[in-house]
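One structure is given below, encoded as structure tokens.
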Amino acid sequence: MDIETAYKIYSGSNSLPNNVGRITCVQRNRISLESSGGCSFASFSKKVVRDVLPAVGDWCKFENNNGVLINEVLPRKNSLSRKVSGNQMREQIIATNIDLVCVCLSMRESIRLSVVNRFLFGFSGNFRQMLLLTQSDLCKDTADEVVRIKKNLPGVIVQDVCAKKDDLSILSSFLGCGETMALVGPSGVGKSTIVNSLLGYDKQPTSSYSVKSNRGRHTTTSRTLHYCSKIHAWVIDTPGIRELALWNVETTPGLFQHIYELAKECRFSNCTHTIEPGCRIRKALEDDEIMQSEYDEFLKLESERQMIRSTKRIYLRK
């Protein structure tokens, strides 16, 4: 396992301490931990629970006295999060310490750009992004679909794959040695099949999508981290997402970056980009610098982002 290279990327250190490991799975009170000594099961101290709940991808310190005990979660360089379901204003961490977020969507039917935009917008952060179009063998005209998606997503890396036919080694061109990629997306788009293909054997449970409803079945129930020697990188498999509620709203999302740059030239700093005079974004729309579909999606998601930001401030003050 290339755990040492991953730790070097995280910390800058050339050596992995014997008492430091990385969390590969979290299930109730039992944690899977990868370290220089191999893979082991671990529990965590009450102090860890009080300070920060461990998540897949975390680096941590542990002691091994009649069992592995995690006593400290090391600082995270980033986290991939969403708001929990319902009305609670609380964070649900999907994975941490990642280098690339890979939004996976199936090509078995025409991909809705609104869905792509929401995933890319909602999963923005201090990491790279790409769109992985899966199950390309189920698409009638893969080339045309890829061209359509790329045309509507300027600046976004787009790659189509078929995990059942391709060896997926092409993914190594998007990852450095020892880096970590998180696969996110709805159920049934082939995330676990991709992991199995990269591993070279069936480790993750998979199931076919429902022909009747044309929807994926919810198979993966926990987040897991795997080292894939085929691409010399780590891959995080995640359960299917039915509804994505925004959480990482403090920083400007990478999607629509060219529109956010235009916003800096608006006459008013609090411009809503709808009716105000001197709006640079509306001027760009009139001059065909940006597409109407881009503008509409930007307004919708940015409005939701600002609403979540305001709501979070209220909750945090309580």
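The values are calculated or read from the model by the stated rules, or taken from the named source; none is laboratory data. Keep in mind that what you see is a predicted model, and the values were worked out from it rather than measured. Heads up, the Cβs are rebuilt from the backbone with ideal geometry, glycines too, and the neighbour counts pull from every protein chain shown. The area values use the complete protein model at the heavy-atom level, side chains included, leaving out ligands, DNA and RNA. Shrake-Rupley method; radii C 1.70, N 1.55, O 1.52, S 1.80 Å.
Count of the range 165-180 residues, restricted to those that are open to solvent by less than 50 Å² (accessible area, probe 1.4 Å) and charged (D, E, K, R), is 1. When we screen N87, N64, N71 for residues that are touching a helix residue (DSSP H, G or I) at 6+ places or on another chain (Cβ under 9 Å) and among the polar types (S, T, N, Q), the only hit is N71. Within the range 136-160, the set of residues being open to solvent by 40 Å² or more (accessible area, probe 1.4 Å), touching a residue at least 12 places away in the same chain (Cβ under 8 Å) and of a type in the set (A, V, I, L, M) comprises L138, I157.
The requirement of being at positive phi, surrounded by 11 or more Cβ atoms within 10 Å (Cβ to Cβ) and not aliphatic (A, V, I, L, M) is not satisfied by H258.
Screening the candidates V56, V20, V116, V103 for the property of being out of contact with any Ser or Thr (no Cβ under 6 Å at 6 or more places or on another chain), under 30 Å from V146 (Cβ atoms) and modelled with pLDDT of 95 or more yields one hit, V103. Taking the criterion of being at pLDDT 90 or above, assigned to a loop (DSSP other than H, G, I, E, B) and touching a Pro at 6+ places or on another chain (Cβ under 9 Å), the residues of the range 242-277 that qualify are R267, F268.
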